[in-house]
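To keep things clear, I will list the structure first and then write my remarks on it.
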């Protein structure tokens, strides 16, 4: 009812307008309708892209990683996806595009795994400690890159999107458990013992090494 009353009021207002004013109002209404339709189409395209992205990644999850595969990098703590910015430059290297963490993955989150060395080809499995390039799938000439200099007042470097590329070494994640048994793991604290003398290896500085060498020379001279 309210909509009908509003339309009647608009029609009554239109009767008081000149022909030029009426034409301008009709043109404005048409533009508003076209804008609303365009925004609705964009929203529908975004939703479809997100669904396609979720379906693709769900199908790929758990599969062995191979060179040439398209993947996404997900930040474990926040649950966000690494995504290339479309209208924001990097902070350190201003000539490159920024890389952000976003809630929903998009086509600019898709990365193609490219081997660094020519002895490896597409389809070969990616093994632990492999060195790879991450190519932006939607932009075939652009890659993930680490900045030459560190972020100001920080010790870490920036990841950005560039036509230059940086090789990254991949390590398979393994959670660390203290006293996990007889298996030696990265991060365990150990001592190294020489079995015959039951002596422990110890780190010493240069002065101690020189003093030990001088003492050994004196012993040799006294024996002679």
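Sorting check: for 194-204, 62-72, which peptide has the highest mean count of neighbouring beta carbons within 10 Å, and how do the rest follow?
Ranking the peptides 194-204, 62-72 by packing returns 62-72, 194-204.
Can you tell me the Rg and the Dmax, both Å, for the Cα atoms in segment 70-169?
Gyration radius and largest Cα-Cα distance of segment 70-169: 13.7, 42 Å.
Taking 0.36 nm per residue of sequence separation and subtracting the Cα-Cα distance, how much length would be gained by fully extending the chain between residue 140 and residue 199, in nm to one decimal?
Answer, rounded to one decimal: 15.5 nm.
Between residue 153 and residue 88, what length in nm is gained on full extension when 0.36 nm per residue of separation is reduced by their alpha carbon distance?
21.3 nm is the gain from fully extending residue 153 to residue 88.
Can you give the FRET efficiency to the nearest 0.05 for residue 60 and residue 33, using r as the Cβ-Cβ distance and R₀ = 30 Å?
Using R0 = 30 Å, I get an efficiency of 0.15.
We did not get these values from a lab; they are worked out from the coordinates using the rules stated. Quantities reported herein were computed from a predicted structural model and do not represent experimental measurements. We place every Cβ from the backbone using ideal geometry, glycine too, and count neighbours over all the protein chains shown.
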